[in-house]
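Data block below; observations after.
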Amino acid sequence: MTSEEKFKKVISHAKEYGFVFPSSEIYDGLSAVYDYGQNGASLKNNIKDYWLKAMVQLNDNIVNIDSAILMHPSIWKASGHVDAFNDPLIDNKDSKKRYRADVLIEDHISKIEKKIDKEVAKAQKKFGENFDKEKYISTNPRVLQYLDKIKLIHNDFSKALDDDDLVSLKKMIEDLEIVCPVSGSKNWTDIKQFNLMFGTKLGASSENAMDLYLRPETAQGIFVNFLNVQKTSRLKIPFGIAQIGKAFRNEIVARQFIFRMREFEQMEMQFFIKPGTQMEWYSKWKETRLKWHLSLGIKAENYRFHDHEKLAHYADAACDIEFKFPFGFKELEGIHSRTDFDLTNHEKFSSKKIKYFDNQTNERYTPYVLETSIGLDRMFLAIFSNSLEEEDLKDGSIRTVLKLPSILAPIKIAILPLIKKDGLPELAKKIFKKLKWDYEVIYDEKDAVGRRYRRQDALGTPFCITVDHQSIEDGTVTIRDRDSMIQERLTIDEVTSKIKSALNIQTWLKA
Ligand code: GAP
């Protein structure tokens with residue numbers, strides 16, 4: 001299956017099984033806006049819960065807040081978003097389609113990277129087990145040529161972005177002979193900057209209305225509450241404020257399903273520290289966040305760090321944790337050393353003192369900030385796409401299975417009476433009622449049991465409990481593991497303790 005086919009499967013599976021629907025679908029949808037269905041909403045909640053447990057519940061010095069989406073417009077002046085939250089846009093004169101100039105160049109680089117992957121795959125096939133990938137990449141003349149090309153493009157690209165040089169950026173698009181994917185032509189307009197914030201109005205009459213923005217990041221709600229939280233929590237530096245909430249960006253290149261949306265959710269944490277200690281905390285949070293991702297049992301080779309060459313206006317160091325999505329390695333989470341930029345600017349724009357007093361050293365200072373920021377929807381896509389598999393079974397059939405980390409699965413257990421008579425449904429419902437106090441459980445008696453197993457596999461349910469005639473006689477049931485499909489016969493107490501240990505949050509987060 002090609003990566004495009006795989007990605008199409010991910011999107012159609014998400015819709016067919018109640019995870020993600022296009023928004024306003026009966027009105028032909030709204031571009032780059034999505035709704036989460038019954039299973040998607042649960043999966044999302046479970047991801048939030050997993051993040052909150054790790055970031056807030058297990059850290060005595062991190063608290064969680066929920067600030068408003070609408071905020072005073074001066075906040076976005078102070079944060080730099082009004083002046084600098086722009087994308088460089090370019091139009092193709094023939095197709096009239098609009099693109100992000102930087103994304104056109106990044107896509108061009110990805111195409112060269114794909115050529116390298118193809119060369120590697122070919123060589124791997126030829127040399128089999130003796131293949132040394134590292135050596136091949138560092139010595140094969142064609143691969144080296146591609147790598148040199150990428151390096152050159154990267155250098156020019158970062159320089160043009162750093163210098164805000166839109167003329168050079170356009171020249172790069174022309175020199176690289178990048179064509180419009182729709183018209184196939186190289187007939188480009190000049191590049192213009194476009195602000196990504198959505199504007200709205202507050203107030204009843206148009207004359208008195210105040211221009212507002214929908215927040216493009218949740219972080220500013222944390223900065224403007226720094227003093228409130230510090231005073232009421234009495235936390236001492238270093239400490240963190242976390243928040244999960246919606247953010248809005250008028251993305252121009254809004255594609256790749258829920259990867260880049262116009263309305264999305266972020267899970268952010270701002271860690272307030274003493275100036276000068278930022279590099280120490282930067283390394284610590286890089287390590288901590290990667291460990292959190294790996295605790296979910298996804299292979300380490302699917303993650304990589306990418307250091308930012310062009311730093312955002314507020315940062316003195318920044319990197320992304322990238323994930324191998326079906327369309328390649330892309331940003332999943334950002335870790336940014338934001339200096340004292342935000343607090344200092346809010347102090348300036350609000351004329352309120354925003355300082356921290358250290359009563360041990362008698363020092364008063366503006367804290368520095370280390371930020372971890374992950375897109376909830378991207379995390380959803382990472383987990384979901386990585387979990388979807390098609391397995392060839394021995395009987396020649398294909399099994400579609402969603403191997404979600406069981407701690408995140410929307411339904412943890414399905415209770416299935418083997419048949420709909422002989423007292424089996426009654427006993428199954430009794431077990432269902434008992435287990436639903438602790439877990440998300442469903443009861444299903446429709447269709448043959450094999451079909452019911454397949455349906456649960458496709459939903460990502462890690463355990464199926466089947467009640468059969470022997471259950472009536474001796475109180476045992478079978479428990480089927482989604483991934484291995486192995487069934488074990490156990491007493492209800494044994495089943496409960498097996499599930500309890502499999503879903504023990506401590507075991508997961510300590511991994
Ligand atoms: N407060 C810092 C900040 O917002 P960012 O790198 O712009 O930094 C952080 O965004 C994370 O939010 C990204 O790593 C990504 O996971 C997610 N994100 C950003 N834009 C997004 C979009 N349009 N759709 C979905 N997720 C997005």
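The values are calculated or read from the model by the stated rules, or taken from the named source; none is laboratory data. Just so it is clear, the model here is predicted, and its values are computed rather than measured. Here the Cβ is made from the backbone with ideal geometry for all residues, glycine too, and neighbour counts use every protein chain on show. Side chains included, ligands, DNA and RNA excluded: accessible areas come from the protein's heavy atoms. Shrake-Rupley method; radii C 1.70, N 1.55, O 1.52, S 1.80 Å.
For the chain, what are Rg and Dmax over the alpha carbons, in angstrom?
Computed over the Cα atoms of the chain, radius of gyration and Dmax are 26.2, 80 Å.
Between residue 167 and residue 501, what is the spin-label point distance in nm, taking each point 7 Å from the Cα along the Cα→C-beta axis?
My value for the distance between the label points is 7.0 nm.
Between beta-carbons, use under 10 Å as the cut-off and find the net charge around residue 159, counting Lys and Arg +1, Asp and Glu -1.
Combined, the nearby Lys, Arg, Asp and Glu give -4.
Roll a 1.4 angstrom probe over the protein heavy atoms and tell me the percent of accessible area of region 58-123 that is carbon or sulfur.
Solvent-exposed carbon and sulfur of region 58-123 make up 51 percent of the total.
Determine which lysines satisfy two conditions relative to residue 436: a Cα distance under 23 Å, and not lying fewer than 8 residues away in the same chain.
The reachable lysines, counting only those whose Cα sits under 23 Å from residue 436, are 44, 48, 53, 403, 412, 420, 421, 446, 498, 500.
Separation of region 4-50 and region 306-357 by C-alpha centroid, Å?
Going from one Cα centre to the other spans 29 Å.
At a 1.4 Å probe radius, carbon and sulfur cover how many percent of the accessible area of region 283-344?
49
Taking the Cα centre of the chain as the origin and placing charges on Cβ (Lys, Arg +1; Asp, Glu -1), which of 232, 456, 188 is farthest toward the positive end of the dipole?
456
Could you check what % of the DSSP bridge pairs in the chain are antiparallel, to the nearest 5?
Given both bridge residues lie in the chain, the antiparallel proportion sits at roughly 85 percent.
Computing the accessible area with a 1.4 Å probe over protein heavy atoms, can you report the carbon and sulfur percentage for region 432-511?
Its accessible area is 53 percent carbon and sulfur atoms.
Would you work out the charge dipole size for region 217-307 about its Cα centre, treating the Cβ of every Lys and Arg as +1 and the Cβ of every Asp and Glu as -1, and quote it to the nearest 20 debye?
180
Test of understanding: given the chain, find the longest segment containing no GluC sites (Glu not before Pro) that are in a DSSP loop and have at most 10 other Cβ atoms within 10 Å.
Here the longest run is 208-511.
Suppose R0 equals 41 Å; then what is the FRET efficiency for residue 470 and residue 52 from their Cβ-Cβ distance, rounded to the nearest 0.05?
About 0.45, to the nearest 0.05.
Considering the options 501, 415, 467, tell which one lies farthest towards the positive end of the dipole of region 411-509, charges being +1 on Lys and Arg and -1 on Asp and Glu at the Cβ, about the Cα centre.
415
Roughly how many debye, to the nearest 20, is the charge dipole of the chain about its Cα centre, given +1 on each Lys and Arg Cβ, -1 on each Asp and Glu Cβ, and no other charges?
Dipole of the chain, to the nearest 20 debye: 520 debye.
Compute the accessible area per residue over the chain, keeping the other protein chains in place, probe 1.4 Å, unit Å².
Per residue, the chain has an accessible area of 51 Å².
Give me, ordered by chain and number, the residues 5 or more places off residue 332 or on other chains with an amide H under 5 Å from its own placed amide H.
321, 322, 323
Going by alpha carbons, how many degrees (0 to 90, nearest 10) lie between the helix axis of 3-16 and the longest principal axis of the chain?
So the helix axis and the longest Cα principal axis differ by about 60 degrees.
Per DSSP H run of n ≥ 4, the term is -39500 (n - 2.57); total these for the chain, divide by its residue number, and report the mean residue ellipticity at 222 nm rounded to 500 deg cm²/dmol.
Theoretical 222 nm ellipticity from helices: -12000 deg cm²/dmol.
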